[in-house]
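Here the structure is laid out as structure tokens; the discussion comes afterwards.
A short reminder: the numbers here are calculations on the coordinates, not readings from a lab. Since this is a predicted model, take the numbers as computed values, not measurements. Cβ coordinates were reconstructed from backbone atoms using ideal geometry, including for glycine residues, and neighbour counts include every protein chain displayed.
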Amino acid sequence: MNPQLVENARKTLEAESARIRIELSEEVEHPRVGHGAQTAAATEVSESQRGEQLRKREELHLGLIESALRRMDAGGFGTCQVCGKPIALERLEALPWAQDCLDCHAKKRR
């Protein structure tokens with residue numbers, strides 16, 4: 001594996017991890033718009049649900065990032081976790097947290 005690619009991926013992963021941790025630690029309050037109690041309540045529920053979905057997505061993403069960093073430390077970065085073949089460099093450059101090669105990823109999507 002190209003050491004420069006690994007170093008660049010590590011920097012990207014660490015920066016993304018820090019960004020997500022900050023987002024997850026912040027409580028965002030949304031101001032209410034004065035459209036009546038029922039509308040405000042519905043808006044609040046909708047925003048709360050959307051916020052929870054985003055939080056879950058960010059937590060999943062953080063897990064993928066942490067897993068990639070552990071694979072780097074263990075020497076398994078860039079290897080498909082399904083078939084054991086190398087993950088394409090282009091894929092790793094675009095998604096350094098990728099766990100699988102394109103073939104295995106496509107099979108999961110079917």
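Amide H to amide H distances under 5 Å link Thr79 with Ile87, where only residues 5 or more positions off or on other chains count and H is placed in the peptide plane.
Residue separation of Gln81 and Arg21 scaled by 0.36 nm, minus their Cα-Cα distance, works out to 19.1 nm of gained length. Shape index of segment 54-110: Rg/Rh, with Rg the Cα radius of gyration and Rh the Kirkwood radius from the inverse mean 1/r over Cα pairs, equals 0.98. Modelled spin labels at Ala74 and His61, positioned 7 Å past Cα toward Cβ, are 2.4 nm from each other. Backbone geometry of segment 77-93 corresponds, through the Karplus equation with coefficients 6.51, -1.76 and 1.60 at θ = phi - 60°, to 3J(HN,Hα) couplings of 5, x, 10, 4, 6, 9, 9, x, 7, x, 7, 4, 4, 4, 5, 5, 5 Hz, x marking Gly and Pro.
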